[in-house]
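The values are calculated or read from the model by the stated rules, or taken from the named source; none is laboratory data. Being a predicted model, the structure only gives us computed values, none of them experimental. Every residue, glycine among them, receives a Cβ derived from its backbone with ideal geometry; neighbour counts consider all protein chains shown. The accessibility values were calculated without ligands, DNA or RNA, using every heavy atom of the protein model including side chains. Shrake-Rupley method; radii C 1.70, N 1.55, O 1.52, S 1.80 Å.
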Amino acid sequence: MKKALIIGAGIAGIATAIRLAVKGFEVAVFEANAYPGGKLAEVVQNGFRFDTGPSLFTMPQYVDELFKLAGEKPDASFTYQKLDLVCKYFYPDGTELNASTNLENFADEIATKTKDQPESIKKYLKNSRRIYQITNHVFLEKSLHRLKTYLSWQTLKSVLRFPQIDAFRSMHRANNAFFTDPKMVQYADRFATYNGSNPYKAPATLNVIPHLEQHFGAYFPDGGIYQITLSLVALAERLGVKFHYQSPVEQVVIEKSKVKGVWIKRSGERMQNKERDGEFITADVVISNMDVYFTYKKLLADHPKLLPKRILKQERSSSALIFYWGIKKQFPQLDLHNIFFSADYQAEFEHIWQKKDITDDPTIYLNISSKYKPDDAPNGCENWFTMINVPSNQDQDWDKLIASARQNIIQKLSKALGEDIAKLITCESILDPRSIESKTSSYQGSLYGTSSNSQFAAFLRHSNKSSKVKNLYFCGGSVHPGGGIPLALLSAKIVSDWISIK
Ligand code: FAD
């Protein structure tokens, strides 16, 4: 039986394991942490449960597909509810905008609360749908590094329609043309942050994102987001996949330009002596779910010539600062997803991208899973996942930045909600770019691999297959087609389409 070895049990690593097991491979996953999921994990503190990373779940069909592929009924192991209200937006002037997935309701809300008319959002979403139809098959579901992709009629049709994907103006410029009210421009610009980019730089092609949320919908998995990880690991195990935790891969071994296997660290702080501290595991194919930058820098350090030079220069996506707060009160005016916008969005992005620090007035994303899963918080309480976008880790003085951001966030939320939030915090833990980097081996703590701040970003993202080493592949948010749960799952699909059992 052919052996496939996967480095990392992030969501893409788990999905790749499932797909290769279905193909007939003997699959082993080696994970550095004591738990699966990478960014998609959970933390429990003082009776509060928090999903640590992703909180917005779109395109659940990509998870369902994995169960179907294995011959199982998805809803026997993994269920979710569609949200009617996708997000509540709070503006500094007191306006509250409820984004419903029902387009007519949302359009009415916009007409009532902003200077825009229902037609603006309809035109905007029609454009979003068109971009999706043109780009989906070529940019998201296929490899851009395979000749086969370019030889299909579907690709040719998409290529002929490329002028319509709006690649040559920024998202912000496009959104300014779609909407009259700055509040709606800010609403639309925020979608750039869904893949850690800057709306003032990123091409308007990213206006495809609202179609995914508005048309396909946003969901809440029963049991919380971490259920995605747990149910897929259980599925993989039913298919015979073996997961090895606390087993960091230290080196990928290559002979005559072909993968031979990997060295795993079994004991000790550092693997000083391979034979004593490690174990060599052979494999026919190796798929790295580790960030591609660190895969080259650490696991392939003996082969510096393999490192594609552009990887060193590529701009990384933004990172995040998250306060997981146990709050001893409930707020009926809040929902599952809440956004408290900043007064000056452009200045906020200048801080993230040019000054590489944090504005005093950041846009705050507040996720409260206990709204849908009450046992995530004790009675009368709520679990607040309080997040702001911040630059990637470039050795800033994070302790100082975090202390002042914490104060500014508390002040802003206290003002908006009419309560002294500081007094309601019963427990706290923090995730910042440094800990994202160390806990998930993501270069600079970026959430979504490389940024999409240029029209060429999609083409420059690393391929899912090594062009120089036979049987070495890559999956996950740092490679094609990009970050976020849906795209990480698609990377697993692309990579396993490439790997043959023969
Ligand atoms: P990762 O999650 O990066 O995991 C990689 C795994 O590999 C880790 O478990 C790591 O320990 C392991 N590993 C690395 N190196 C080694 C090694 N040498 N040996 C063994 N194991 C190794 N996406 C959304 O869709 N919606 C959201 O709302 C959303 N919000 C986010 C909020 C935050 C705070 C964060 C951090 C991310 C968010 N994302 C969101 C992005 C999403 O979480 C990621 O794009 C996705 O989970 C990446 O999955 P991955 O497969 O690339 O692996």
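Annotations
- Looking only at the stretch 166-220, residues that are surrounded by fewer than 20 Cβ atoms within 10 Å (Cβ to Cβ), in contact with a Leu (Cβ under 8 Å, 6 or more places away or on another chain) and within 16 Å of ARG130 (Cα to Cα) come to 1 in all.
- Of all residues in the stretch 441-463, one or more are touching a His at 6+ places or on another chain (Cβ under 6 Å), in a loop (DSSP other than H, G, I, E, B) and surrounded by fewer than 23 Cβ atoms within 10 Å (Cβ to Cβ).
- Yes/no for SER120 being in contact with a helix residue (DSSP H, G or I) (Cβ under 8 Å, 6 or more places away or on another chain), over 30 Å from PRO248 (Cβ atoms) and touching a residue at least 12 places away in the same chain (Cβ under 8 Å): yes
- Residue count for the stretch 481-502 under the criterion of being assigned to a loop (DSSP other than H, G, I, E, B), within 18 Å of the chain's Cα centre (by Cα) and either aromatic (Phe, Trp, Tyr) or more than 12 Å from the ligand (Cβ to nearest atom) (or both): the result is 0.
- For the stretch 309-366, taking the residues that are β-branched (Val, Ile, Thr) and in a loop (DSSP other than H, G, I, E, B), the one that is farthest from the chain's Cα centre (by Cα) is identified as THR359.
- Failed item, numbered, when ASP291 is tested on (1) within 16 Å of GLU31 (Cα to Cα); (2) exposed (fewer than 13 other Cβ atoms within 10 Å of the Cβ): (2)
- Within the stretch 371-385, the set of residues being buried (at least 22 other Cβ atoms within 10 Å of the Cβ) and part of a helix (DSSP H, G or I) comprises just one member, ASP376.
- Flag for VAL29 being open to solvent by less than 20 Å² (accessible area, probe 1.4 Å) and of a type in the set (A, V, I, L, M, F, W, C): yes
- The single residue among SER267, SER288 that is polar (S, T, N, Q) and under 30 Å from ASP75 (Cα atoms) turns out to be SER288.
- Looking across the stretch 12-29 at every residue that is touching a strand residue (DSSP E or B) at 6+ places or on another chain (Cβ under 6 Å) and more than 13 Å from the ligand (Cβ to nearest atom), the one that is nearest to GLU213 (Cα to Cα) is identified as LEU20.
- The stretch 250-278, residues that are among the charged types (D, E, K, R), at pLDDT below 95 and assigned to a strand (DSSP E or B): LYS265
- Residues in the stretch 187-207 that are modelled with pLDDT of 95 or more and of a type in the set (Val, Ile, Thr): THR193 alone.
- Criterion: assigned to a loop (DSSP other than H, G, I, E, B) and in contact with a strand residue (DSSP E or B) (Cβ under 9 Å, 6 or more places away or on another chain) - qualifying residue of ALA99, ALA32: ALA32
- Hits in the stretch 36-51 (condition: over 12 Å from the mean Cα position of the chain (by Cα), outside any strand (DSSP E or B) and within 12 Å of the ligand (Cβ to nearest atom)): PRO36, ALA41
- Residues that are more than 19 Å from THR135 (Cα to Cα) and surrounded by 24 or more Cβ atoms within 10 Å (Cβ to Cβ) were ranked within the stretch 467-480; the one that is farthest from the ligand (Cβ to nearest atom) is TYR473.
- Flag for GLU42 being open to solvent by 20 Å² or more (accessible area, probe 1.4 Å) and either farther than 14 Å from LEU230 by Cβ or not aromatic (Phe, Trp, Tyr) (or both): yes
- Residue check, GLU104 free of Cβ contacts under 8 Å to residues at least 24 places away in the same chain and open to solvent by less than 70 Å² (accessible area, probe 1.4 Å): no
- Hits in the stretch 76-95 (condition: open to solvent by less than 70 Å² (accessible area, probe 1.4 Å) and of a type in the set (D, E, K, R)): LYS88
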